[in-house]
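Colleague: Dropping a structure here in structure tokens format, bear with me for questions.
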């Protein structure tokens, strides 16, 4: 890529410059605006179940209008429930984007891959821009592509754990083999980890807990922004080799071959 | 503090009881042979094939908390995930000097799983008739209190008043009288509640799976049942009469509720009735075992302490001071980081403000444990007949005050995090 070329990415024809998707559910509503600004984010996720309120303090009122909403289906335990929540999000005016979250486990909140494929297929047919949250499995990722997903969102580590790229090898396989944007979601706990995922070739990073548990949320949002941009640049520039051990011999072992 | 304390004196005679009733009451209190076995089911009670109870009670029985030392507590706090053995150390007296460190760890876990959110809800008592004789409870059938049951119109009126305050989650409670508060009556209350609230929970007498299914269809999605104490011997001495006396039927209530389609279930021991460390252990293990069987379900814990009741203002929580309560709650959070923790209005405003920053995720506001008096609470004027309260509350903040107080503590109050699917 030329140095001055615009580095955008797309989701179903929608162009984005920021590669940082921000969660919104674990910190004070009043901080959302500052976090969005300092993170430079263009996409914010929100739980439909949290937005489904008559509350004087509705989360939707705190998300800046220029930002694309990415409602998620948290609370869904199967495809049918996820589909219903997605339709509710659309009816509430949250747009056509949806992040599918289907959990059959309240302890680790691990996604149910097979139900996620089913929900993706139904919602993609209904015209949603579907971003499925999934456990990084290549076969599942391929099925999600066939089902009409706009991107694939593999988890790096259990949600909320801040443990970083625990599934690194498998995310790399998805990046290498899947033609859709790979958005690394869940478990990213520090800007350095976000940077590493971007160096691997991820299209974007989603984070929530890492910011929510930081001492200064907007400052951490800015740190993530810079780390993600740095990782992206490193990926585009082509990382140099990293030698596993020792230095490379200056005299080649095959130097004696003359034919 | 855990030093020696005077035992609670629960037994109170009302002058309005007939001679025959008094005789029966005294017989139940003084002659154990006059009481049914707490293990004997009533004919209509469903029996589940479950091994959870045996596992929990065996662990509780074997728990010798004096065996744990500061080294065990240190090791527990150093572990990334908290094992059952670690949890036992955190509940032990040896953990008392580590309370601040436990609180910090608990806060970290809460923040990872729930961020800084705290959910607000209001309980609504719709009837206080009760057929049980539980000696520590204000609703017990021998206690001389003002009884009341709201009719549909009154229930709806109460709900309107609560909904106007902005509340979106309601917990419907009754005394334990299936005759007075039938399943159909409670079901109707659930249907009315769905008109005004985003989430409807129940805290009623335990019922069979089919009845839970019916109530779920009527709009309830969360069921809380307090076991009160997991110490069977003590349970037998405190619950002298009625359906509640059947210990195993109560123990399996959450399982039946989940099988009946409820999304989540709540658990609790009433700390102060028996050895609180053993009860806290059993409560958490009850959750732990059911989570393994029903991994999709949502779980929550409450942690009430004994409170004074109408006609007996001398009831105390028996050595479970605020420090002990805080230790139990922190240990719960570290062992079960994914469960909701509810702190009731039995505790003071200062305690609830503090604990919400450490590990509580759900707080009641605008609470009345009486019957039919929400209007008085919200709109500040008196009405005619009210039913008496189940227990005395210590924190009577309104929803608006609670919302503002939680915000000023740096927490994000949430009125709804729920969507029916």
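Colleague: Looking only at segment A:147-175, how many residues end up being farther than 27 Å from residue A:24 by Cβ and either in a loop (DSSP other than H, G, I, E, B) or without any contact (Cβ under 8 Å) to a residue 24 or more places away in the chain (or both)?
Modeller: 1
Colleague: I'd like the residue in segment A:142-163 that is over 24 Å from residue A:16 (Cβ atoms) and within 14 Å of chain B (Cβ to nearest Cβ) and, out of all such residues, is modelled with the highest pLDDT.
Modeller: Residue satisfying both the conditions and the ranking: A:157.
Colleague: Checking residue B:153 against (1) within 14 Å of another protein chain (Cβ to nearest Cβ); (2) assigned to a helix (DSSP H, G or I): exactly one of these is not met. Which one?
Modeller: All conditions are met except number (1).
Colleague: A further question follows. Of all residues in segment B:390-419, count the ones that are more than 9 Å from every other protein chain (Cβ to nearest Cβ) and part of a loop (DSSP other than H, G, I, E, B).
Modeller: 10
Colleague: Quick one: would you say residue B:24 is at pLDDT below 90, within 14 Å of chain A (Cβ to nearest Cβ), in a helix (DSSP H, G or I) and more than 24 Å from the chain's Cα centre (by Cα)?
Modeller: Spelling it out, it is not the case that residue B:24 is at pLDDT below 90, within 14 Å of chain A (Cβ to nearest Cβ), in a helix (DSSP H, G or I) and more than 24 Å from the chain's Cα centre (by Cα).
Colleague: To continue, here is another question. Within segment B:172-185, does at least one residue satisfy the condition of being in contact with a strand residue (DSSP E or B) (Cβ under 8 Å, 6 or more places away or on another chain), in a strand (DSSP E or B) and over 18 Å from residue B:371 (Cα atoms)?
Modeller: No, segment B:172-185 contains no residue that is in contact with a strand residue (DSSP E or B) (Cβ under 8 Å, 6 or more places away or on another chain), in a strand (DSSP E or B) and over 18 Å from residue B:371 (Cα atoms).
Colleague: Inside segment B:173-200, can you point out the residues that are surrounded by 22 or more Cβ atoms within 10 Å (Cβ to Cβ) and either within 14 Å of chain A (Cβ to nearest Cβ) or under 17 Å from residue B:415 (Cβ atoms) (or both)?
Modeller: The answer is B:193, B:197, B:199, B:200.
Colleague: Quick one: in segment B:111-128, of everything that is touching a helix residue (DSSP H, G or I) at 6+ places or on another chain (Cβ under 9 Å) and closer than 30 Å to residue A:189 by Cα, which residue is nearest to the other protein chains (Cβ to nearest Cβ)?
Modeller: My answer is B:115.
Colleague: For segment A:69-91, what are the residues that are more than 10 Å from chain B (Cβ to nearest Cβ) and buried (at least 18 other Cβ atoms within 10 Å of the Cβ)?
Modeller: Within segment A:69-91, A:69, A:70, A:71, A:72, A:79, A:86, A:90 qualify.
Colleague: When segment B:27-54 is examined, which residues are found to be touching a helix residue (DSSP H, G or I) at 6+ places or on another chain (Cβ under 6 Å), within 27 Å of residue B:84 (Cβ to Cβ) and in a helix (DSSP H, G or I)?
Modeller: Once the filter is applied, which keeps residues that are touching a helix residue (DSSP H, G or I) at 6+ places or on another chain (Cβ under 6 Å), within 27 Å of residue B:84 (Cβ to Cβ) and in a helix (DSSP H, G or I), segment B:27-54 yields B:52, B:53.
Colleague: Residue B:36: within 30 Å of residue B:371 (Cβ to Cβ) and away from chain A (no Cβ under 14 Å), yes or no?
Modeller: Spelling it out, residue B:36 is indeed within 30 Å of residue B:371 (Cβ to Cβ) and away from chain A (no Cβ under 14 Å).
Colleague: Suppose we filter B:343, B:339, B:310 for residues that are touching a helix residue (DSSP H, G or I) at 6+ places or on another chain (Cβ under 8 Å) and either modelled with pLDDT under 75 or more than 14 Å from chain A (Cβ to nearest Cβ) (or both); which single one remains?
Modeller: B:343
Colleague: Given (1) over 17 Å from residue B:421 (Cβ atoms); (2) more than 14 Å from every other protein chain (Cβ to nearest Cβ); (3) in contact (Cβ under 8 Å) with a residue 12 or more places away in the chain, identify the lone condition not met by residue A:110.
Modeller: (2)
Colleague: Looking at segment A:195-214, which of the residues that are touching a strand residue (DSSP E or B) at 6+ places or on another chain (Cβ under 7 Å) and in a helix (DSSP H, G or I) is farthest from the other protein chains (Cβ to nearest Cβ)?
Modeller: A:198
Colleague: Can you spot a residue in segment B:103-110 that is surrounded by 14 or more Cβ atoms within 10 Å (Cβ to Cβ), touching a helix residue (DSSP H, G or I) at 6+ places or on another chain (Cβ under 9 Å), away from every other protein chain (no Cβ under 14 Å) and in contact (Cβ under 8 Å) with a residue 24 or more places away in the chain?
Modeller: Yes, there is a match, as at least one residue in segment B:103-110 is surrounded by 14 or more Cβ atoms within 10 Å (Cβ to Cβ), touching a helix residue (DSSP H, G or I) at 6+ places or on another chain (Cβ under 9 Å), away from every other protein chain (no Cβ under 14 Å) and in contact (Cβ under 8 Å) with a residue 24 or more places away in the chain.
Colleague: When segment A:15-34 is examined, which residues are found to be closer than 19 Å to residue B:112 by Cα, in contact with a helix residue (DSSP H, G or I) (Cβ under 7 Å, 6 or more places away or on another chain) and part of a strand (DSSP E or B)?
Modeller: Within segment A:15-34, A:22 is the sole residue that qualifies.
Okay, residues lined up against (1) within 14 Å of chain A (Cβ to nearest Cβ); (2) closer than 30 Å to residue A:77 by Cβ; (3) under 15 Å from the mean Cα position of the chain (by Cα); (4) surrounded by 20 or more Cβ atoms within 10 Å (Cβ to Cβ):
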{"position": "B:238", "(1), (2), (3), (4)": "no, no, no, yes"}
{"position": "B:245", "(1), (2), (3), (4)": "no, no, no, yes"}
{"position": "B:281", "(1), (2), (3), (4)": "no, yes, no, yes"}
{"position": "B:289", "(1), (2), (3), (4)": "yes, yes, no, no"}
{"position": "B:314", "(1), (2), (3), (4)": "no, no, no, no"}
{"position": "B:326", "(1), (2), (3), (4)": "no, no, no, yes"}
{"position": "B:329", "(1), (2), (3), (4)": "no, yes, yes, yes"}
{"position": "B:335", "(1), (2), (3), (4)": "yes, yes, no, yes"}
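Colleague: Which one of the conditions (1) within 14 Å of chain B (Cβ to nearest Cβ); (2) crowded, with 24+ Cβ neighbours inside 10 Å does residue A:21 fail to meet, given that it meets all the rest?
Modeller: Looking at each condition in turn, residue A:21 falls short on (1).
The values are calculated or read from the model by the stated rules, or taken from the named source; none is laboratory data. Remember, predicted model here, so these are calculated numbers, not experimental data. Positions of Cβ are backbone-derived with ideal geometry, glycine not excepted, and every protein chain shown enters the neighbour counts.
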